[in-house]
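Worksheet for the structure shown next.
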Amino acid sequence: MKKPYLDSMPDANGFFGKFGGAFIPPQLEKPFQDINEAYDKLSKSFEFLDELKKIRKHYQGRPTPITYCKNLSDFIGGGQIYLKREDLNHTGAHKLNHCMAEALLAKYLGKKKLIAETGAGQHGVALATAAAYFGLECEIHMGEVDIAKEHPNVVRMQILGAKVVPATHGLKTLKEAVDSAFDAYLKDTDNQLFAIGSVVGPHPFPKMVRDFQSVVGIEAKEQFFEMTGKLPDMVTACVGGGSNAMGIFSAFIEDSVKLYSVEPAGKGSNIGEHSASLTYGSEGVMHGFNSIMLKDSEGNPAPVHSIGSGIDYPSVGPEHAYLNSIGRTSIGLCSDDEAVDAFYKLSQHEGIIPALESAHAVAFAMKYAKENPKESILVNLSGRGDKDIDYIVENYPIPLKDI
Ligand SMILES: *Cc1c(COP(=O)(O)O)cnc(C)c1O
């Protein structure tokens, strides 16, 4: 009998087809193997799963609802748009789904400290929240350049009790933060847990984070069916590393539901103007896993851009590379300007201010709805847009509502 997809992927070595794996220095092999074995046990433990379920209900506020966007759908005059409301999670985005679970894992393993890197600071804030809840120490490594750019998130992490460590070498951004966090982790793998912020990194993280995010898809499938009596025709989400997308896609992989990963087309197709890894990238190893990545002329991770600071990543989770390579997922593109338009449209027609990352998925859903008037479309609204308000109003004039 054929195994269900989620049980058979990834394989025992963390491969989704040829993508994934664990390309790490020898000193890291043992600690990552230990995490893998521990997770394997805990993922079948009633006690662990029950505790996680309670945390999700009583602390995070799950289940998050599905909202039917009647006004926006009428305005477009095409297909029907629905939102899975991850913006209503505690802290305002989907990231807490895996951070709470990673922190719970740390607690079960007897670790005292969570350690991670962060780019724009969103993962750092979610992890600092989880650490506070579980009474764990938290150390977040962040490029010096990003620290200056993302001041509010740095302060948030500090208020939550985390220590923010600046990465001061090289370009002083995400890549250097990853190096710095790995170095710090290696100094004490017994008492610390490295907590990765998306479905990326060495095995078992792409699998673990997908499993932790799968609650989004499980809830959404049931809720959508209850609302409409059927499954959606299409499900879409924005993809940086790809955790919110894998979360919602995972429930629909074996159904005849179209899945669209929306990549940030930024402001152009030249290197440095976008971060559409699947669209423009090629196979390569980065941050400990094999996937499709954007490279510069020397084969190193290329500079990337997106107006959504959580989705400007030069690679993509290995499972996305795999699902795209076998044709199970399709790619949608959304430019900075289209994301801003969707940001304002969703705000003005539905009273929901989306994160700029999530606005990419909304923008693509709006285009798709116009072209597919008979379809119902479920968008994973990964986060709320409060964090983006200052940037948006300084750079894009508030439009008059067009009715
Ligand atoms: C971090 C973030 C993302 C991107 O992360 P994925 O792992 O690609 O899902 C998307 N939306 C919001 C609101 C985020 O904070």
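Brief remarks follow.
- DSSP loop GluC sites (Glu not before Pro) with at most 13 other Cβ within 10 Å: longest gap in the chain: 1-253
- Environment charge at His90 (Cβ cut-off 12 Å; Lys +1, Arg +1, Asp -1, Glu -1): +3
- With DNA, RNA and ligands ignored, accessible area of Thr168 (1.4 Å probe; Å², nearest 10): 80
- Cα gyration tensor shape for the range 39-179, rounded if a/c is under 1.5, else prolate or oblate: oblate
- Here the Gaussian network model covers the chain, with springs between Cα atoms less than 10 Å apart; of Gly385, Gly135, Gly242, Gly135 fluctuates the most.
- Pairs of Cα atoms farther than 15 Å apart, the range 96-196, %: 54
- Under the Debye formula (equal points on every Cα, no solvent term), log10 I(q)/I(0) of the range 274-403 at q = 0.16, 0.17 Å⁻¹: -0.88, -0.96
- Applying the Karplus relation 6.51 cos²θ - 1.76 cosθ + 1.60 with θ = phi - 60° to the range 171-180 yields 3J(HN,Hα) values of 7, 6, 10, 4, 4, 5, 5, 4, 3, 4 Hz, where x marks Gly and Pro.
- For the chain, with +1 on Lys and Arg beta carbons and -1 on Asp and Glu, the positive-most of His58, Gly272, Pro354 along the dipole: His58
- Between 0 and 90°, nearest 10: helix 356-371 axis offset from the chain longest Cα axis: 40
- Shape category assigned to the chain from the gyration tensor of Cα positions, a/c cut at 1.5: rounded
- Mean accessible surface per residue for the range 229-364, computed with a 1.4 Å probe while every protein chain stays in place, in Å²: 30
- Working note: Cα atoms of the range 6-55, range along each principal axis, descending, whole Å: 36, 26, 16.
- This model, with +1 at the C-beta of Lys and Arg and -1 at the C-beta of Asp and Glu, gives the range 16-120 a dipole about its Cα centre of some 240 debye.
- Working value for the range 179-320: equivalent-ellipsoid semi-axes of 28, 22, 11 Å, each the square root of 5 times a Cα gyration tensor eigenvalue, largest first.
- GNM top mover of Ala251, Ala148, Ala276 - the chain, alpha-carbon springs below 10 Å: Ala148
- FRET efficiency estimate (nearest 0.05) - Cβ-Cβ, Ile389 to Asp11, R0 51 angstrom: 0.70
- Estimated inter-spin distance, Val285 and Thr168, nm [label 7 Å along Cα→Cβ]: 3.2
- Computed magnitude of the charge dipole of the chain (debye, nearest 20; Cβ of K, R +1, Cβ of D, E -1): 900
- The H on the amide N of Gly332, modeled in the peptide plane, is under 5 Å from the matching H of Ser261, Val262, Glu263, each at least 5 residues off or on a different chain.
- All other residues whose Cβ lies under 10 angstrom from that of Gly135 are scored, Lys and Arg at +1 and Asp and Glu at -1, for a net of +1.
- Cut-off 10 Å between beta-carbons: net charge of the residues surrounding Gly308, Lys and Arg +1, Asp and Glu -1: -4
- Between the range 192-241 and the range 348-387, the Cα center-to-center distance that results, in Å: 17
- With 28 Å as the limit on Cα-Cα distance, the pairs of Lys175/Lys370; Lys18/Lys258; Lys30/Lys113; Lys18/Lys175 that go past it are Lys175/Lys370.
- Rounded to the nearest whole angstrom, the semi-axes of the ellipsoid equivalent to the range 137-196, taken from the Cα gyration tensor as √(5λ), stand at 19, 16, 7, largest first.
- Of every Cα-Cα pair in the range 244-311, the percent that sits beyond 15 Å: 60
- Under-5 Å amide H pairs with Phe15, H placed in peptide plane, nonlocal only: Gly21
- Between helix 26-42 and the chain: long-axis angle, C-alpha atoms, 0 to 90°, nearest 10: 60
- When the chain is treated as a Gaussian network with alpha carbon springs shorter than 10 Å, the biggest mean-square fluctuation among Gly77, Gly121, Gly266 belongs to Gly77.
- Using just its DSSP H runs of length 4 or more, each adding -39500 (n - 2.57), the chain gives a mean residue ellipticity at 222 nm of -13000 deg cm²/dmol after division by all residues.
The values are calculated or read from the model by the stated rules, or taken from the named source; none is laboratory data. Bear in mind the structure is a predicted one, so any value in this text is a computation, not a measurement. We place every Cβ from the backbone using ideal geometry, glycine too, and count neighbours over all the protein chains shown. SASA here: full protein model, heavy atoms, side chains in, ligands and nucleic acids out. Shrake-Rupley method; radii C 1.70, N 1.55, O 1.52, S 1.80 Å.
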